[in-house]
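Below you'll find the structure, written out as structure tokens, and then a few comments.
Each value in this text was obtained by applying a stated rule to the coordinates, not by laboratory testing. These figures come from a predicted structure and were not determined experimentally. Here the Cβ positions follow ideal geometry from the backbone for every residue, glycine too, while neighbour counts run over all protein chains shown.
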Amino acid sequence: MNIKGFYEIHRGRFILVFAMVTIGMAIDASTQYLMTPAYNNLKNLNFSGFLFFLILSQVLDLMRLLLMKNARKSPYFNAGMDRAKLT
């Protein structure tokens, strides 16, 4: 089944999965972006600033991982994947 067929059968689930993937991509991009000021702080010997950006980056990455892990455990996600035969 293609994406259009999955959208027609499960509109709500498709929108939810699309939103979760988009949020995950935004968090991943922000995690990578935060490494630039972290390394700039390290280069300027500002260790507290470096640790702040490093911890913030790791917290965002952990949130992304939990978001994707919880999405895959959802019975709605699994039922939709089984019904669409995408697994």
For this session: Note down the nm distance, to one decimal, between modelled labels 7 Å out along Cα→Cβ at Leu67 and at Ser30.
Result: 0.8
Seminar exercise, completed: With 0.36 nm assigned to each residue of separation and the Cα-Cα distance removed, Leu45 to Ile9 gains 7.4 nm
Exercise. For labels at Gln58 and Val21 in the simple 7 Å Cα→Cβ model, what's the distance in nm?
Worked result: 3.0
Problem set entry | Residue-count net charge about Ile27 - beta-carbon cut-off 10 Å; Lys, Arg +1, Asp, Glu -1 | -1
